[in-house]
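Data block below; observations after.
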Amino acid sequence: MEGWKEAVLWEKARLFMQRALEEDREGPLFPFWAALSLELLARSTLARVHPVLLADPREPENILAVFGYRTSDRAISSIPAKALFSRCAVVVPNFTTDDAKFCQRIASLRNDELHSGNPVFADYPTGQWLGDYYRVCDLLLTYLDKSLEDLLGDAGEANAAEELVKATQAKIEKTVKDSIVAKRREFEQIGDVERDERLALVTDERLSAYEKRVSCPSCESPCILSGDVVSVSGPRTVEDGTEREVVILPTKLTCHVCELQLNGLPHLYAAHRDLAGQFTDTIFESPEDFYGLDIGPQYDYEEEYDNE
Amino acid sequence: MNWKQLHQNGYRLLRTKDVGSLLRLANELGDPISSRPGRPVLVELKPEPSHNARTSSMTSRFGLHSFPLHTDGAFRLVPPRFLILRCERDSIGDRPTIILDSQRFLNDPLRARLRAHLWQVNARPAFYCSLLQQIEGLLCLRWDTNILRPAHRSAQSTTHDFDHALTSIPTVSIRWEPNLTIIIDNWRLLHARADRPEGADYEDRLLQRVLVAARKE
């Protein structure tokens, strides 16, 4: 499976990027080749962990083939783009499920371009996607100990890409700051009674798994930060069951007092860098949950024994 | 082993008295490897007509004529670090090996393009790579017109410029005599076999070759 090796996939990602850079930036072939390059870059990233992460698990032979065992001459298949980017969200630090969705959108457009008569990339201005594209590439490249210059092959192109990433971040920062200010103004205009009612509600609010309470960057009331699972520790025995430590990468902030909502790690970072820091949650499992036992319903009544 | 001359010039000339000392030298440099699976580490090279040659070899294309400048093992993901050639016999001594140091003819802009652009390597299986790659902290040049094709438009013009640069400085000729041995830095120097001596209808030139991979620390 030479074709699933990290180095081989990396070189092809670079080739497709070179082909993209040779095209008109406003033409359909620039995003087309860039989309192909992104997918191969992601595949190279998973291959660094192990090429078996690229094997489509629906057919066991795909997994055997990675280790050099073949039972037929059937073509070996790899995971589709959706699974590819989802796995990157598990493997690559700071690559969130939102980033996976962004990559998946680009892959879907590429698919539509190849398999339909629609001129999908004919009107796809770089302003709509290139900043986020380079940002997610940079996350994958960092995992591969490489840089945008390594991918783009030219210091000038890399500088322009980095500037675009910064501009995208600046745009996010402006959007986030504006919405924080707007929500604060709205919060200051509500009456004392309603404010107290809302505060009372959030004080009693129970946290679900993978959530944490933080101070709202707009109204400073307690609000909820939630996110994606980064890692789960092994079980630790405690009284009545087991506990595991779950590390969470924040992706969403919801304030039920001023109604501020921030989605995505870059937005949280723009609001306050502390909000983008990973946090740990502890989950409890009973022995029944841990071992997957179905003990049956617990009745809270007893049968009558001929009592009158 | 005197590494200084090898580092300075990209090659070193010395004498080895037999195959045993050639192999000991190879072991000192790194890990001797065979050019293809199942072939011996030590290969004998003699000028032969093209119909005798293995398909895709230099001899199959160029027969008894000169070979173009190339690096050995360009079809490998990691080409051999060193190449050692030893003359077993050559009674005429008029078909030298030509060497050319890439550090002398590559300027910085061309070097950058060789690193950025991609070529298709027609190996089995085929793969893509740059002509100049960073491998374990060192730059490795790969060049073999038999198996390398530009993979995109910019690589075509870079190939043309590289071809042109190859002729911009004089080459060094190694004239063979028995026991003469050369260690070539295969990541830095290109080499080629010169043409058949004018008017010669007989040649007994026999070289022995060992490829050496960088030893993993």
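The values are calculated or read from the model by the stated rules, or taken from the named source; none is laboratory data. What you are looking at is a predicted structure, and each value in this text was computed from that prediction instead of being measured. Here the Cβ is made from the backbone with ideal geometry for all residues, glycine too, and neighbour counts use every protein chain on show. Side chains included, ligands, DNA and RNA excluded: accessible areas come from the protein's heavy atoms. Shrake-Rupley method; radii C 1.70, N 1.55, O 1.52, S 1.80 Å.
Please work out if B:Arg149 is over 30 Å from B:Asp204 (Cα atoms), out of contact with any Gly (no Cβ under 7 Å at 6 or more places or on another chain) and either within 14 Å of chain A (Cβ to nearest Cβ) or not in a loop (DSSP other than H, G, I, E, B) (or both). For B:Arg149, the condition - over 30 Å from B:Asp204 (Cα atoms), out of contact with any Gly (no Cβ under 7 Å at 6 or more places or on another chain) and either within 14 Å of chain A (Cβ to nearest Cβ) or not in a loop (DSSP other than H, G, I, E, B) (or both) - is met.
In segment B:138-152 there is at least one residue that is surrounded by 21 or more Cβ atoms within 10 Å (Cβ to Cβ) and farther than 28 Å from B:Ala26 by Cα.
Against the test of being open to solvent by less than 60 Å² (accessible area, probe 1.4 Å), more than 14 Å from chain A (Cβ to nearest Cβ), within 30 Å of B:Lys216 (Cα to Cα) and hydrophobic (A, V, I, L, M, F, W, C), the options B:Ile169, B:Ile174, B:Ile135, B:Ile184 yield a single qualifying residue, B:Ile184. Using the structure shown, decide if B:Thr159 is touching a Pro at 6+ places or on another chain (Cβ under 9 Å), open to solvent by 10 Å² or more (accessible area, probe 1.4 Å) and farther than 30 Å from B:Lys17 by Cβ. Considered against the rule, which asks whether it is touching a Pro at 6+ places or on another chain (Cβ under 9 Å), open to solvent by 10 Å² or more (accessible area, probe 1.4 Å) and farther than 30 Å from B:Lys17 by Cβ, B:Thr159 comes out as yes.
All conditions but one from (1) outside any helix (DSSP H, G or I); (2) surrounded by 21 or more Cβ atoms within 10 Å (Cβ to Cβ) apply to A:Tyr134; the one that does not is (1). Taken as a whole, segment B:114-130 holds no residue that is away from chain A (no Cβ under 11 Å) and modelled with pLDDT of 95 or more.
With respect to being more than 14 Å from chain A (Cβ to nearest Cβ), surrounded by 22 or more Cβ atoms within 10 Å (Cβ to Cβ) and either assigned to a helix (DSSP H, G or I) or modelled with pLDDT of 95 or more (or both), B:His191 fits the description. Only one entry of B:Pro109, B:Pro79 meets the criterion of being within 14 Å of another protein chain (Cβ to nearest Cβ) and in a loop (DSSP other than H, G, I, E, B), and that entry is B:Pro79. In segment A:193-213, the qualifying residues are those that are aliphatic (A, V, I, L, M) and in a helix (DSSP H, G or I), and the one that is farthest from the chain's Cα centre (by Cα) is A:Val193.
Restricted to strands (runs of 3 or more DSSP E) entirely inside segment A:216-289, those with at least 1 residues that are within 21 Å of A:Thr97 (Cβ to Cβ), at pLDDT below 90 and under 15 Å from the mean Cα position of the chain (by Cα) are A:222-232, A:241-254. Filtering segment A:156-180 to residues that are open to solvent by 50 Å² or more (accessible area, probe 1.4 Å) and either without any contact (Cβ under 8 Å) to a residue 24 or more places away in the chain or assigned by TED's automatic domain parsing to the domain that holds A:Ala42 (or both) leaves A:Asn159, A:Ala160, A:Glu163, A:Lys166, A:Ala170, A:Lys174, A:Asp178.
When the helices (runs of 4 or more DSSP H) confined to segment A:1-77 are screened for residues that are more than 14 Å from chain B (Cβ to nearest Cβ) and open to solvent by 30 Å² or more (accessible area, probe 1.4 Å), those reaching at least 2 such residues are found at A:29-49, A:60-66.
Yes/no per residue for (1) modelled with pLDDT of 95 or more; (2) within 14 Å of chain A (Cβ to nearest Cβ); (3) touching a helix residue (DSSP H, G or I) at 6+ places or on another chain (Cβ under 6 Å); (4) in a strand (DSSP E or B):
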site	(1), (2), (3), (4)
B:Phe67	no, no, yes, no
B:Leu83	yes, no, no, yes
B:Arg86	yes, no, yes, yes
B:Arg95	no, no, no, no
B:Thr159	yes, yes, no, no
